[in-house]
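Written below as structure tokens is the structure these notes are about.
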Amino acid sequence: MTADAAIELVSRSEEQTVQIGRALARSVEPSSIITLEGELGSGKTRLTWGIAEGLGIDRRAVSSPTFAIVHEYPGSDGVRLIHADAYRVDESESDDLETLLGIGADDGWVAVIEWPSRIEAMLPLDRVRVTMRHDASGGRSIRVKASSQVIDRLRTLMEQESIDG
């Protein structure tokens, strides 16, 4: 496991949150787990829309998995998005994360998990942790903690795409 690094971003619009999500998707490797923490309305769904777009998925297909627990979307290049909402999951009811998410040994997926604190014991330490909060200016504060390689790629993509975060 590599050392963790972090980046603090501010999104001033829903579209900017989507852009940050696109860059994040392109910063991670297949078989990555991205956890999203944040209160209601903090932008988790918009960020997931961007992650979907970064994987070649039409964001209009992505909806909250609140009641279904897990939604799966096929992406380009064989990488699929696994979008999970752990709010209604009881850790004691599932054997492991792979079973809960429906993932196998293949590396053709990226998982986005909302409310990860509900299944903390199942989650690997080596993951991308995103914390989203409302900020005083009406925007969103987005903190991404991940390996230094992921953070470096994210910074580079944000600069290349002129995403002011």
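Read-outs: derived from the displayed coordinates by stated rules, not from any lab. Values in this document were obtained by computation on a predicted structure and should not be read as measured data. Reconstructed Cβ throughout: ideal geometry from the backbone, glycine too, with neighbour counts over all protein chains shown.
Miscellaneous remarks
- Distance (nanometres) between label positions extended 7 Å along Cα→Cβ at ARG88 and ILE69: 1.0
- Residues TYR87, TYR73 in ascending order of nearby Cβ atoms (within 10 Å, fewest first): TYR87, TYR73.
- Test item: Cα-centred dipole of the chain, Lys/Arg +1 and Asp/Glu -1 on Cβ, debye: 580
- Extending 7 Å from the Cα toward the beta-carbon at both GLU159 and ALA5 defines two label points whose distance is 1.0 nm.
- Quotient of Cα Rg and 2.2 N^0.38 Å for the chain, N being how many residues it contains: 0.96
- Length-normalised contact order of the chain in % [C-alpha pairs under 8 Å, at least 6 apart]: 34
- Angle in degrees between helix 148-160 and the longest Cα principal axis of the chain, rounded to the nearest 10: 40
- Counted by neighbouring Cβ atoms within 10 Å, the residues THR131, THR48 run from fewest to most as THR131, THR48.
- Average projected area [Cα convex hull, the range 101-147], square nanometres: 4.6
- On Cα atoms only, tilt of 44-54 relative to the major axis of the chain in degrees: 90
- Residue order, fewest to most surrounding Cβ atoms within 10 angstrom, among VAL144, VAL28: VAL28, VAL144
- Prolate/oblate/rounded call for the range 1-78, Cα gyration tensor, a/c under 1.5 rounded: rounded
- Sites counted here are GluC sites (Glu not before Pro) in a DSSP loop (not H, G, I, E or B) having no more than 15 other Cβ atoms within 10 Å; the longest part of the chain that contains none of them is 40-160.
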